[in-house]
1. Let me confirm something: among L189, L234, L222, which residue is open to solvent by 10 Å² or more (accessible area, probe 1.4 Å), modelled with pLDDT of 95 or more, within 12 Å of ligand 2 (Cβ to nearest atom) and under 30 Å from K308 (Cα atoms)?
2. Out of the residues in the stretch 296-328 meeting the condition of being buried (at least 20 other Cβ atoms within 10 Å of the Cβ) and more than 22 Å from I66 (Cα to Cα), tell me which one is nearest to the chain's Cα centre (by Cα).
3. Residues that are away from ligand 1 (no atom under 16 Å from the Cβ), without any contact (Cβ under 8 Å) to a residue 24 or more places away in the chain and farther than 25 Å from G259 by Cβ: list the helices (runs of 4 or more DSSP H) wholly contained in the stretch 124-238 that include at least 3 such residues.
4. Tell me, please, whether a residue that is over 28 Å from W136 (Cα atoms) and without any contact (Cβ under 8 Å) to a residue 12 or more places away in the chain can be found in the stretch 65-72.
5. If K252 passes every condition in (1) over 13 Å from the mean Cα position of the chain (by Cα); (2) over 18 Å from S326 (Cβ atoms); (3) buried (at least 24 other Cβ atoms within 10 Å of the Cβ) but one, which one does it miss?
Amino acid sequence: MEEDHSLDCHSIEKKAREKADVLDGYITPSLGHLGLSPVALDVPIIDLSRLNGDDPSRRAIVINDIRNACRRFGFFQIVNHGIPQEILDAVLSSAFKLFELSTEEKMKFSSTDVHKPVRYGTTLMLKDGVDRIPFWRSFFKHYSYPLNDWIQMWPTNPPDYRENMGKYVFEVRKLALELMGAITESLGLGKNYMRNKMEDGMHVIAINWYPSFPQPCQMLGLPEHSDYSCLTILLQSARGLEIFDAEDKSWKIVPEVQGALQVNVGDHLEVLSNGIYKSVIHRATLNAEKPRISIASLHSLGMDEKMKTAKELVNEDHPERYKESSFNDFLNYLSNNDIAEGKLSFINALRI
Ligand code: OGA
Ligand code: NI
């Protein structure tokens, strides 16, 4: 029998490795392993109920855990985050129904213009000549804050979409501001350091839909990347997110924890922290049994507000390492660069 090496996990991995070496240093390690049996991440799970109790020493412990997680992984999971399970279940249910709409209805939102406040798209990259791992996802993205400015542009179908997404957006935004306060506190900047700018900031919701795929090791949902945001909060319907452990040079699957949300350090937080915290490189794998949905909530500063490195974190030993940039700068970068998505690296463009 003819063996088709192009469909074998090991050879895909090997070719990807060879190819990655000639692409660029940044993605070299990240293509190394493709989901054979990824190691489960001994992931920091942070209990946020202790953040605002009466006891300041308990808050200090949480802040310390956040600092360690951001330094080590640029990633952590959160539990007792305050968003009721009914709201999470409802928004996931509306999201599934959204992708079950007819192609015609979804295509009404289709656009390749990254500046559009609401858009739908599908990326299906088949294996090309450079042996990149193919990937497949569909997405809706929409601006979400201030809610009243944008909700009128959101899909009206399914009929409960706006209500369920609206409730989630309200809650997740509150949570993001809270987390951002804890993160700036963990950097020694105090919890109100970015408060006003985050309150006026952009909030983008990206709903990703991934098909089930019988050989998950042969196709990805979303290739490796870091998020441009300050902070991303992810809600997933099933396991599938993997993060790259830069210390260990390996991919780690994020274990499923009931009711938990995932938090990514984004590029703009790396800039703010002068590289003390690194944006996490992550990717989405496919599930053999069922389609998967994830809802990424991306929080950043205002459209034209520049994110700069905190001057408190710059000194002789630690000179400024990044150029300032805004959300709009990122969008322009995105539209001017080849988004063979895996190569996309806004943060590399910002390095001094
Ligand atoms: C993203 C993202 C991961 C996932 O939307 O930026 O990384 O699991 N999603 O869908
Ligand atoms: Ni992401």
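The values are calculated or read from the model by the stated rules, or taken from the named source; none is laboratory data. Note that the coordinates shown come from a computational prediction; the quantities given were computed from them, not determined experimentally. In this analysis, Cβ positions are derived from the backbone assuming ideal geometry, glycine residues included, and neighbour counts consider all displayed protein chains. All accessible areas refer to the heavy atoms of the entire protein, side chains included, with ligands and DNA or RNA removed. Shrake-Rupley method; radii C 1.70, N 1.55, O 1.52, S 1.80 Å.
1. L234
2. Across the stretch 296-328, the extreme among qualifying residues is F327.
3. Numbers: elements: 147-150, 161-186, 195-199.
Hits in the stretch 124-238: 195-199.
4. There is no residue in the stretch 65-72 that is over 28 Å from W136 (Cα atoms) and without any contact (Cβ under 8 Å) to a residue 12 or more places away in the chain.
5. (3) is the only condition that K252 fails.
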